[in-house]
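Worksheet for the structure shown next.
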Amino acid sequence: MQSILEYRLLKGEEFTPIYYYDDIEMEQILARRECEFFVKNGVTYKQTSSAIEDQVNLIYVEVFEEAPFEIQPGQGGIQLEFREYNPRKNHPLLKVEQFSFHLNVLHKIGAVYHFIDDVEWERDSAEIDEDRMTYVLYLTPTGYVLEKGERA
C-alpha cells in the first residue's frame, strides 16, 4: 500500500511543511514514526509527535542540532546501524545489518532489548539518517552478559 508522508517543522507557534514524500510504503512510514530523530541536509530534527490528516501521514519535528553533512552512496537494501549511545566517543558502531524491507527495520528498532555478542543492550533512541542513507539504533549496555549455555 502506497501512502503520503509529510514532515512539518515547528516555527514560532505554527508548523511548516518541510519534506514531502508521496508514493511511500506504509512500512517505511511506520519505521520513520518509530524514530525519535530524522537527519536530512545536515540538520537533525527531533520528532515531537505524529498524526494522520485526511490521507496524509504527518511527523512533527523541531530542530535538534545542525552540522555539516556529506551524502554517502547507498549500498543497496536498507541499512541499520547499532551504535552505543555515547556522545563522548562519537557513538561507537556495534554492528550493521542489511534488510530488504522496512518492516524488518521496524521489528528491530521497536524492541527495547537487544543482544550483541552475548551482551544485553537497551534501546535509547532511533533515527533515520537520509544523509548517510541508514537507520541508526542507539543502545546502552545493561551490564547483563549471557553465560555459555544460557541461550536457547
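The values are calculated or read from the model by the stated rules, or taken from the named source; none is laboratory data. Remember, predicted model here, so these are calculated numbers, not experimental data. Positions of Cβ are generated from backbone atoms using ideal geometry, with glycine treated the same way; all protein chains shown enter the neighbour counts.
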Scanning the range 56-91 residue by residue, those at pLDDT 95 or above, of a type in the set (A, V, I, L, M) and over 26 Å from Glu122 (Cβ atoms) turn out to be Val56, Leu58, Val63
Apart from one, (1) under 20 Å from Tyr7 (Cα atoms); (2) assigned to a strand (DSSP E or B) all hold for Gln28; the odd one out is (2)
Exercise. Would a scan of the range 90-99 turn up a residue that is in contact with a helix residue (DSSP H, G or I) (Cβ under 8 Å, 6 or more places away or on another chain), basic (Lys, Arg) and either in a strand (DSSP E or B) or farther than 18 Å from Phe15 by Cβ (or both)?
Worked result: no
Subset of the range 107-134, residues hydrophobic (A, V, I, L, M, F, W, C), surrounded by 14 or more Cβ atoms within 10 Å (Cβ to Cβ) and part of a loop (DSSP other than H, G, I, E, B), comes to Met133
In the range 79-106, anything surrounded by fewer than 17 Cβ atoms within 10 Å (Cβ to Cβ) and of a type in the set (Val, Ile, Thr) is listed as Val96
When Gly12 is run through (1) surrounded by 12 or more Cβ atoms within 10 Å (Cβ to Cβ); (2) more than 16 Å from the chain's Cα centre (by Cα), the failure sits at (1)
